[in-house]
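What follows is a set of notes on a single structure, which appears directly below.
The values are calculated or read from the model by the stated rules, or taken from the named source; none is laboratory data. From a predicted model like this one, the values you see are computed outputs, not experimental measurements. Cβ atoms come from the backbone with ideal geometry, glycine included; neighbour counts cover every protein chain shown. Ligands, DNA and RNA are excluded from the accessible area calculation, which covers all protein heavy atoms including side chains. Shrake-Rupley method; radii C 1.70, N 1.55, O 1.52, S 1.80 Å.
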Amino acid sequence: MGEGNHAVRDSVTQQWKPPYTNDSLTLCRVGRIVTINGNVKFTSSGQQNYSAANETIPEAFRPLADMSIIAFPPCGFSLLVARDGKVQMLGDPRSAYSTAHGCWLAA
């Protein structure tokens, strides 16, 4: 059994729905590394300036540091994740289709 098999067996994944979309992203935790990836279609537009989202990151995936970032590069929208799992929104989702990417160390 190689190291790779050990890492896969110890990984945890969960779907998570970001604000302003009906789509979900995939959270994956391997050891203390958490990634979030996927593609969404936003259902709304409007400039957000550190606005609080209703959605929170599940406890098993929460970051070690505040201001951990989930970026949606095609539309310049970001989610800032705090250690307690609360999420702030920054930028405008512009009702766009967007890929999403994030990575942080878990607490």
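Computed values, structure above
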| item | result |
| --- | --- |
| Given (1) surrounded by fewer than 15 Cβ atoms within 10 Å (Cβ to Cβ); (2) more than 17 Å from ASN37 (Cβ to Cβ), index of the condition TYR97 fails | (2) |
| Qualifying positions in segment 52-81 - among the polar types (S, T, N, Q) and in contact with a Pro (Cβ under 9 Å, 6 or more places away or on another chain) | ASN54 |
| Residue that is free of Cβ contacts under 8 Å to residues at least 60 places away in the same chain, loosely packed, with under 14 Cβ neighbours inside 10 Å and in a strand (DSSP E or B), where the choices are GLN15, GLN88 | GLN15 |
| Selection count, segment 66-84, where residues are open to solvent by less than 40 Å² (accessible area, probe 1.4 Å) and more than 10 Å from the chain's Cα centre (by Cα) | 3 |
| Boolean, ARG83 is among the charged types (D, E, K, R), modelled with pLDDT of 95 or more, outside any strand (DSSP E or B) and in contact with an Asp or Glu (Cβ under 9 Å, 6 or more places away or on another chain) | yes |
| Candidate set from segment 33-65 (those that are β-branched (Val, Ile, Thr) and in a strand (DSSP E or B)); member that is surrounded by the fewest Cβ atoms within 10 Å (Cβ to Cβ) | ILE33 |
| Scan of segment 26-48 for residues that are without any contact (Cβ under 8 Å) to a residue 60 or more places away in the chain and among the hydrophobic types (A, V, I, L, M, F, W, C), ordered by number | LEU27, CYS28, VAL30, PHE42 |
